[in-house]
Amino acid sequence: MSTLMPTPGQTVGPFFHYGLPYEGGAELVPAGHPDAIRLHGTVLDGAGDPVPDSLIEIWQADPEGRIVQAPGSLHRDGWTFTGWGRAATDAAGRYSFTTVLPGAAEGDAPFFAVTVFARGLLDRLFSRAYVPEHPALHDDALLTSLPEDRRGTLIASSDASGLVFDIRLQGEGETVFLTFPDNGRLQA
Amino acid sequence: MLIVTQASELSTQAEVSDEIAAASKAYEAGDRGDAQPLLDYPPYRSSVLRHPTKDLHHTDPETIERWAPCFGPQDVSPLEADLTIQHSGEPIGERITVAGRVVDGDGRPVAHQLVEIWQANAGGRYIHKRDQHPAPLDPNFTGAGRLITAADGSYSFQTIKPGPYPWKNHRNAWRPAHIHFSLFGTDFTQRLVTQMYFPGDPLFALDPIYQSITDADARARLVATYDHDLTTPEWSTGYRWDIVLTGSHRTWLEDEA
């Protein structure tokens, strides 16, 4: 258990664009990489409208399921896979990453760990974008703990270029957002 | 239940202050609230359609979530910690040092990790096309910086004290002066984006973003302390702000802890 009280979060606000996004942030691998896939989607609000001032970060294992501890995400050299990326949504609420499929340990379902920030969102949200059609999805501890009708919000779908993962902040098809033990939220 | 007015008819500060007071009272009565901001906080109008209505789902972190991305010297130049030297001239405003330590919930330093900041200039204007506040832009100030923490978790930025600025949450709404901070820990689950405020700001009570943290002690943890030891004679004043990330889920080895 933690002994110190955490510093609370606050919204990323409307003016993060000159502070956080950076050139190459969304290209975890170059588009020409033989195993490159696209992970993309739209961030939507409770009215179903796109959220054009949102920021998405992903953190993932490499294709072999190894955790990467290589620096270089902010100035990519085109060769080093760092496992981390950042993308702001565009005017239509869309984000897009160029990356590779994450792996996982034997028997585990691979996923991208996802963080969502937006103007109007008072604290960041955590989620997971699972790789679809993986045999381990049926035994995943998180997915099996969810009501059946909500599981699908965490599983990406396939398209011609890779995976689609839409993020619905509120309402119909609301994405499952996560809280972890010991995260400063006192509510049970 | 709080009534949310249409964007076309902006509320007054008094109306928003009443909503803030009601939320605060509800917290003190013990029916909601915690050490983090409420996500559903109608006094901050933009939150109305942008908060999840379902409870956050409790889960244990998987392996990837017990690690965080790694940043190093190739990611950040030491010059990026000084926001006052990014242009050919001196920026306008009160030159300040903002320094402190980043630690986890057990007080362990968060070493060699990325800290990013962004802020308005001394006149309360952001270099952002969406900021239409008619305060002057400062050609010598961009307002974005970053650094890598030292082995003891310490950090230090040189910058200009930002001004308060108006926004359109309600009529005559003003944000208290603040610096946005983005932090990583040793675990993915410790990711934090927040805002640092300055002591004694008269706008605290009126600001729905600050007040969305209904616990007064938790709110106070966002306010820096004036620290005369951080001043530089004939040059700058100083503020200290220590940051505590949530606990780590990693099993720490003896020599790491």
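The values are calculated or read from the model by the stated rules, or taken from the named source; none is laboratory data. As the structure is a prediction and not an experimental result, all values here were calculated from the model. Counting neighbours? That spans all protein chains shown, and the Cβs are built from the backbone with ideal geometry, glycine included. Accessible surface is based on the protein model in full, side chains and every heavy atom, while ligands, DNA and RNA are left aside. Shrake-Rupley method; radii C 1.70, N 1.55, O 1.52, S 1.80 Å.
The table that follows gives values for the structure above.
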{"read-out": "Rough spin-label spacing in nm, given labels placed 7 Å along Cα→Cβ, for B:Asp152 and B:Asn172", "value": "4.8"}
{"read-out": "With every protein chain in place, the protein assembly as shown: carbon and sulfur % of accessible area (1.4 Å)", "value": "54"}
{"read-out": "Percentage relative contact order, the range A:5-135, counting C-alpha pairs under 8 Å, at least six apart", "value": "33"}
{"read-out": "Loss of accessible area when B meets A, both sides summed, Å² nearest 100, probe 1.4 Å", "value": "7300"}
{"read-out": "Chain-alone versus full-assembly comparison, the range B:228-244, residues with accessible loss of at least 30 Å² (1.4 Å probe)", "value": "B:Val244"}
{"read-out": "Relative contact order, percent, chain B [alpha-carbon distance under 8 Å, six or more residues apart]", "value": "25"}
{"read-out": "At least 50 Å² accessible surface lost relative to isolated chain, residues of the range B:50-66 (1.4 Å probe)", "value": "B:Arg50, B:Pro52, B:Lys54, B:Leu56, B:His57, B:His58, B:Thr59, B:Glu62, B:Ile64, B:Glu65"}
{"read-out": "Value of [θ]222 nm, deg cm²/dmol, for chain B, DSSP H segments ≥ 4, -39500 (n - 2.57) each, nearest 500", "value": "-2500 deg cm²/dmol"}
{"read-out": "Burial of 10 Å² or greater, the range B:151-197 residues [accessible area, probe 1.4 Å, versus chain by itself]", "value": "B:Tyr165, B:His180, B:Phe184, B:Phe188, B:Thr189, B:Arg191, B:Leu192, B:Val193, B:Thr194, B:Gln195"}
{"read-out": "Among B:Glu234, B:Glu94, B:Glu19, residue whose mean-square fluctuation peaks in a GNM of chain B (springs only between Cα atoms under 10 Å)", "value": "B:Glu234"}
{"read-out": "Gain in span if fully extended, B:His133 to B:Asp217, counting 0.36 nm per residue against the direct Cα distance", "value": "27.0 nm"}
{"read-out": "Candidates B:Thr225, B:Thr59, B:Thr214, ranked by Gaussian network fluctuation over chain B, Cα under 10 Å, top entry", "value": "B:Thr59"}
{"read-out": "Per residue solvent-accessible surface (Å²) - the protein assembly as shown, probe of 1.4 Å", "value": "42"}
{"read-out": "Percentage of interatomic Cα-Cα distances in chain A larger than 31 Å", "value": "16"}
{"read-out": "Radius, Kirkwood style, for the protein assembly as shown when every pair of distinct Cα atoms is counted (Å)", "value": "22.4"}
{"read-out": "Trypsin sites (Lys or Arg not before Pro) within the range B:171-257: DSSP coil, no more than 14 neighbouring Cβ in 10 Å", "value": "B:Arg171"}
{"read-out": "Long-range HN-HN contacts of B:Gln113 with modeled amide H, under 5 Å", "value": "B:Thr149"}
